[in-house]
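The structure is given below, and queries will be raised subsequently.
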Amino acid sequence: MTNTMWGGRFASSPSDIMEEINASIDFDKRLWRHDIEASKAHVAMLAATGILAPSDASKIADGLDQILGEIEAGDFKFSRALEDIHLNVENRLKEIIGPVAGKLHTARSRNDQVATDFKLYVRDEIGLIEAGLAQLQLALATRALEEAATVMPGFTHLQTAQPITFGHHCLAYVEMFARDRGRFLDAAKRLNECPLGSAALAGTSFPVDRHHTAKALGFDRPTANSLDSVSDRDFALETLAAASIAAVHLSRLAEEIVLWTSPQFGFARLSDSFSTGSSIMPQKRNPDAAELVRAKTGRIAGAFQALLMVMKGLPLAYAKDMQEDKEPVFDALDALKLGISALAGMIADLEVNAKAMKKAAGSEYATATDLADWLVQNLDTPFREAHHITGTIVALAEKKGIDLKRLQLADLQGVEPGITNDVFNVLDPARSAKSRTSYGGTAPSNVRREAKRWIKRL
Ligand code: ARG
């Protein structure tokens, strides 16, 4: 049997291998809802412009509705021989309404059709991801408010740096996810032009009204150049770029959860619902979900690379290479949505060990900078000199095997005679965090204000 759609040109049917390499139905069936939605908008436009008789148009629209119902009910038989979602739907339409089904493809091609379907899909996904990120932000901001005064060590180079608050740490991620949402919304804005009616590549001689179709599908306007319309996959690339950056943020948070929940850190404990055990070691509580969020960054960033490579060097306009755009996008966006939900769940019921955090914040000379600042503020010591004096004091404490706080005043005065008892105030980690009231600083008062501002906004 030759192909029903273009059999006129061919004497025999494709080989099995040809069918296997060519067919996209196994994955692009996901676009069924958008494909039918776009076809309905197209046929309505064809009727409105008088290109199709109203009676034909309504037969087609009814048939499309029936197909929608069949697919929703799981009664639709997808066929590989029919290559892709577009031809599967059109073929079924012909079975239902007969030859008039052939009029649906007037003034369009699968090239503008697939670009439109895919844009509709990606636009919906962006909506879901953006909402998911907002949920994750809310979970983090809620924890930030609860833990606004929970002191923990802040790190640079993963070495104890200065005391911060856990709330402040949570809010750092809220900021990152805000930028991620912005990137997705930007992508959605640029995406929102309708390719339908560009036909194969050159436009069409039928008196189509592309503004009509664009409006019906919720696009801001039709795309301006028919060649660009069918060649463009920037919208998918841009979405994958935004997804890759967001995934890196998710991964960093996931990594911190892995660190915090390790017994060596002991800063937090994951709930039972987000932990796994070991089949051999009965004591284990493994952070598998966090590890998988971290790992999924690989497939998301990989999908971005894959599509970049598919698009690189493709001459205008459509080429079949572009059929390879869908799987990476489906896979990456699925992984991203799952990662976002998993992290929101982990954050919402993470049990914070405030005592362990505070203890760690008071060790490893985390308040050394406070001591140097004290010398600057009280003895008018130039900061560089204060840094040197403090370094000497840290070395002394290290030699004695004690914290800065445990040094005797006489020890301190042995290094800098001007130091008074008052210095001990700034060596306490909670006080240190509390003093960081500069704009954007870690002080609990700042964290409370920022967390409330976010919660109100989200
Ligand atoms: N299945 C194709 C895709 O996903 C649809 C477009 C086919 N166009 C064509 N000229 N063969 O890209």
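Any read-out appearing in this document is the output of simple, stated calculations on the displayed coordinates, not a laboratory observation. In this text the structure is predicted, and so the values were computed from the model without any measurement. Every residue, glycine as well, gets a Cβ built from its backbone with ideal geometry; the counts of neighbours run over all protein chains shown.
By its C-alpha gyration tensor, with a ≥ b ≥ c as the square roots of the eigenvalues, how is the range 310-359 shaped: rounded for a/c under 1.5, else prolate for a/b larger than b/c, else oblate?
Numbers: a/c = 8.57, a/b = 3.70, b/c = 2.32.
Note, shape of the range 310-359 comes out prolate.
Using the Cα gyration tensor of the range 57-216, with a ≥ b ≥ c the square roots of its eigenvalues, what is the shape: rounded (a/c below 1.5), prolate (a/b larger than b/c) or oblate (neither)? Show your work: numbers first, answer last.
Values: a/c = 3.81, a/b = 2.70, b/c = 1.41.
Prolate, because a/c is 1.5 or more and a/b exceeds b/c.
So what's the convex hull volume per residue for the Cα atoms of the range 374-458, in Å³? Provide the component values of the computation, followed by the final result.
Working: hull volume 9.6 nm³, N = 85.
Hull volume over Cα atoms, normalised by residue count, gives 113 Å³.
What whole number of Å gives the distance from the Cα centroid of the range 139-154 to the Cα centroid of the range 208-243?
42
Debye sum, Cα scatterers, the chain, no solvent: what log₁₀ I/I(0) at q = 0.07 1/Å?
-0.53
Going by how many other beta carbons lie within 10 Å of each one, how would you line up H211, H249, H157, H168, fewest first?
With the fewest neighbours first, H211, H249, H157, H168 line up as H157, H211, H249, H168.
What three numbers, in Å, describe the spread of the alpha carbons of the range 119-193 along their principal axes, ordered from the longest?
Reported extents, whole Å, longest axis first: 49, 27, 13.
How large, in Å, is the range 169-297 by the Kirkwood hydrodynamic radius built from its alpha-carbon pairs?
After inverting the pairwise mean of 1/r, the radius is 18.3 Å.
If you count the DSSP beta bridges with both ends in the chain, what percent of them are antiparallel, to the nearest 5? Walk me through the numbers on the way to the answer.
On the way: 9 of 11 bridges.
DSSP beta bridges in the chain are roughly 80 percent antiparallel.
Give me the net charge of G302's neighbourhood, meaning all other residues with Cβ under 13 Å from the Cβ of G302; Lys, Arg count +1, Asp, Glu -1.
Working: positive: K296, R299; negative: E327, D331.
Net charge around G302: 0.
Would you calculate the convex hull of the Cα atoms in the range 74-158 and tell me its volume per residue in Å³? Walk me through the numbers on the way to the answer.
Numbers: hull volume 18.4 nm³, N = 85.
Spelled out: Cα convex hull of the range 74-158, divided by residues, is 216 Å³.
For the range 303-433, count the residues as N, evaluate 2.2 N^0.38 Å, and divide the Cα radius of gyration by that value, please. Walk me through the numbers on the way to the answer.
Working: Rg = 27.6 Å, N = 131, 2.2 N^0.38 = 14.0 Å.
So the Cα radius of gyration is 1.97 times the expected 2.2 N^0.38 Å.
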